[in-house]
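Written below as structure tokens is the structure these notes are about.
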């Protein structure tokens with residue numbers, strides 16, 4: 001069976017399976033998946049020893065999941081593994097639009113932007129110009145920080161006025177829209193077309209339209225009774 005495909009299947013059903021996993025497996029899984037991420041991201045494709053390391057890391061992770069699930073759930077996963085859908089050993093195997101790296105993001109990073117619907121949004125947002133935490137220097141906790149498949153943390157560059165100085169309105173909008181709780185949603189708001197502002201809000205920074213940007217953000221938080 002393909003352990004990467006089984007990890008992908010767990011990712012596709014993580015909202016349910018994660019609640020069923022026992023505490024010991026929950027504690028062990030982040031470290032095991034970190035090994036999967038590290039070996040799968042290595043630039044050594046075609047190296048038999050490296051491929052064996054990748055498979056072994058994936059096997060250790062899926063064994064922990066199977067051992068930590070109720071027997072009926074573990075049996076279901078094992079049964080699916082014998083149908084042929086999980087044959088082979090490709091790390092790029094996909095199950096219902098999810099891959100093993102999606103499980104890494106869910107468990108290690110708490111990153112919800114995975115799977116066939118949210119994964120493309122994640123990649124679109126990560127394609128925007130960004131800074132590493134080292135480049136950004138001391139990071140205001142209100143700034144948007146995003147993580148990719150490799151777990152690297154990135155700060156969208158539109159947030160900075162000059163060098164590493166954040167725009168004040170970016171910090172104000174972060175407070176209004178709770179960027180700490182939903183960095184991906186707030187990043188998407190800044191980088192996507194907006195009917196209220198007539199374009200992507202990030203494109204209006206530095207144009208004297210800060211009150212309009214703040215008003216557009218506040219409008220998202222209003223309920224019908226607030227109008």
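The values are calculated or read from the model by the stated rules, or taken from the named source; none is laboratory data. Please read all numbers here as calculations on a predicted model, not as lab measurements. With ideal geometry, Cβ positions are generated from the backbone for all residues, glycine too; neighbour counts draw on all protein chains shown.
Details
- Failed item in (1) under 27 Å from residue 103 (Cα atoms); (2) in contact (Cβ under 8 Å) with a residue 40 or more places away in the chain, with residue 158 passing the rest: (1)
- Residue that is within 27 Å of residue 116 (Cβ to Cβ) and surrounded by 19 or more Cβ atoms within 10 Å (Cβ to Cβ), where the choices are 38, 74, 64, 34: 64
This table checks each residue for (1) over 22 Å from the mean Cα position of the chain (by Cα); (2) under 26 Å from residue 12 (Cβ atoms).
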{"residue": "132", "(1), (2)": "no, no"}
{"residue": "148", "(1), (2)": "no, yes"}
{"residue": "179", "(1), (2)": "no, no"}
{"residue": "197", "(1), (2)": "yes, no"}
{"residue": "203", "(1), (2)": "yes, no"}
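- Within the stretch 142-159, tally of residues that are in contact with a strand residue (DSSP E or B) (Cβ under 6 Å, 6 or more places away or on another chain) and not in a loop (DSSP other than H, G, I, E, B): 8
For (1) over 16 Å from residue 183 (Cβ atoms); (2) modelled with pLDDT of 95 or more, each residue gets a yes or a no:
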site: 66; (1), (2): yes, yes
site: 79; (1), (2): yes, no
site: 89; (1), (2): yes, no
site: 124; (1), (2): no, yes
site: 130; (1), (2): no, yes
site: 138; (1), (2): yes, no
